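Below: one structure, written as structure tokens.
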Amino acid sequence: MQPTLMAHCPALVIAAPSSGEGKTSITAAIARYHRNQGKRVHIFKVGPDFLDPMILESASGNPVDQLDLWMVGENVCRARLYEAAQSADLLLIEGVMGLFDGSPSTADLARCFNLPILLVINASAMGQTFAAIAQGLTHFDEHLNIVGVLANNVSSLYHEKMIKQLFPTDIPWLGAVKFNEDASLPRRHLGLIQAREIGTLEERLDMLAEAIGETELATFTADTIFPKAVLVPEKKLLKHIRIAIANDAAFSFIYADNVRFLRELGADIQFFSPLKDPSCPEADTLWFPGGYPELHLTALSQNTGMHESILNHAYHNKPIYAECGGMLYLSDQITDTHGHPEKMVGLLEGSAVIQSRFTSLGMQYLPLADGILRGHTFHYSSFQCAVAPLTSTIKCRDSSEGEKIYQEKSLYASYLHAWFRSSANWTANVFGHRINQSLPIQ
């Protein structure tokens, strides 16, 4: 079927005053409700995030891509929205933090693509003040298309009545969702617990969907127009390159688009588990993404067959790319928050200590000769490395030095979670057979 000049599809941005209001739960609830009605739902997540998309994929049954005007870029965002609107019955976009937080913000993205916005406000600790927050957010920027407000975590019918007592008549009231501990999504230090670890996730999603069925969102039909936008096909810079990607409970922070982009460059992809497999696959390149290695230190330490196969891969000068938790796994040891160290692979001379609070968070980029590599950092650990860094990233918020980049023979490692599509040449250098050449860094 030939692409049309525009696509029509109901779409909704789920935004809130801040983080912790329940955006992910409500987005998942809307998706599951409409999926249960036989509709095709496609979800996007604004900004860098690995955990929320896992939940949202389970809710919708479809992979979840990132939308971000800086990291992903306006052209790619526009193409992804158009592509999804071709086949979906409903598009949902979960915002990041508060509606106006960040630069670019969720509001900036909604304004750019003329997307309607649902405001989700956590009502658990307020009454009539709910109306003031709704009023302020709705009228702060009159160029935004805010289609209504949903009250989340309401305790009772009386509580809902209290909230609505002063609610503005010019703002659509789309309903209230009662707090339900059995349906809530559990969390840990980096955010929501991974979908694969929640044994009752399907039951929770169906309970959330049932609650949405009692609101106006059960019949949401706001149609949105998406003009035609397509991406230029990529050159096959990684043709015939076999890439093995670590992917299990310890290493799961993988953007779906990064894997898609590697395939677009011509790479063959397979996955393996450093937790369970006796060795890594035969491949040209290994990729160890971030995740939760700190939660599986004993199992990772005891799988010495995997260590030996990784070291053998490196011995034959084959490329290895590691980011964040993957980098820590390839170091000498990781020490948990109780001061207990465990031996790791020992490919990168250094050691990590897991901290009780953030040590780095935010968007960063790496200057290249032909542009920049975009990405973000998000970790609770500190890392001491005996290898001199090749260079460092730059923090977007103040242009100060960011994460160190290490290149040790065939290994390329950093805390940076990179967005591969921002630099095809960098991706080809790291994952191809050019790792020993100097990367084009200014």
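The values are calculated or read from the model by the stated rules, or taken from the named source; none is laboratory data. Computed from a predicted structure; not experimentally measured. Here the Cβ positions follow ideal geometry from the backbone for every residue, glycine too, while neighbour counts run over all protein chains shown.
Values computed for the structure shown
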read-out	value
Test: Asp182 is part of a helix (DSSP H, G or I) and loosely packed, with under 12 Cβ neighbours inside 10 Å	yes
Counted residues, segment 131-172 - those being out of contact with any Leu (no Cβ under 8 Å at 6 or more places or on another chain), under 15 Å from Ala15 (Cα atoms) and in a strand (DSSP E or B)	2
Segment 58-80 residues that are touching a residue at least 24 places away in the same chain (Cβ under 8 Å), paired with ones that are polar (S, T, N, Q) (beta carbon under 8 Å, 6 or more apart)	Ala59/Thr27; Met71/Ser422; Val72/Gln66; Gly73/Ser422
Count of residues meeting criterion [free of Cβ contacts under 8 Å to residues at least 24 places away in the same chain and outside any loop (DSSP other than H, G, I, E, B)] in segment 330-345	4
Members of segment 274-302 found to be under 12 Å from Gly326 (Cα atoms) and over 20 Å from the mean Cα position of the chain (by Cα), listed by number	Pro274, Leu286, Leu300
Wholly enclosed strands (runs of 3 or more DSSP E) of segment 53-128 bearing at least 2 residues in contact with a Gly (Cβ under 9 Å, 6 or more places away or on another chain) and under 17 Å from Leu144 (Cβ atoms)	116-122
Residue list for segment 40-52, restricted to those being in contact with a strand residue (DSSP E or B) (Cβ under 6 Å, 6 or more places away or on another chain) and at pLDDT 95 or above	Val41, His42, Ile43, Phe44, Lys45, Val46
Of all residues making up segment 403-439, the number that are modelled with pLDDT under 95 and basic (Lys, Arg)	2
The listed residue being of a type in the set (D, E, K, R), modelled with pLDDT of 95 or more and surrounded by 24 or more Cβ atoms within 10 Å (Cβ to Cβ), out of Glu74, Glu94	Glu94
Some residue of segment 341-362 being among the acidic types (Asp, Glu) and either farther than 15 Å from Ser414 by Cα or within 19 Å of the chain's Cα centre (by Cα) (or both)	yes
Given (1) under 22 Å from the mean Cα position of the chain (by Cα); (2) in a strand (DSSP E or B), number of the condition Tyr406 does not satisfy	(1)
Residue within segment 66-74 that is under 21 Å from Leu205 (Cα atoms), not acidic (Asp, Glu) and not assigned by TED's automatic domain parsing to the domain that holds Ser423 present	no
Residue check, Arg32 surrounded by 22 or more Cβ atoms within 10 Å (Cβ to Cβ), assigned to a helix (DSSP H, G or I) and either over 11 Å from the mean Cα position of the chain (by Cα) or of a type in the set (Phe, Trp, Tyr) (or both)	yes
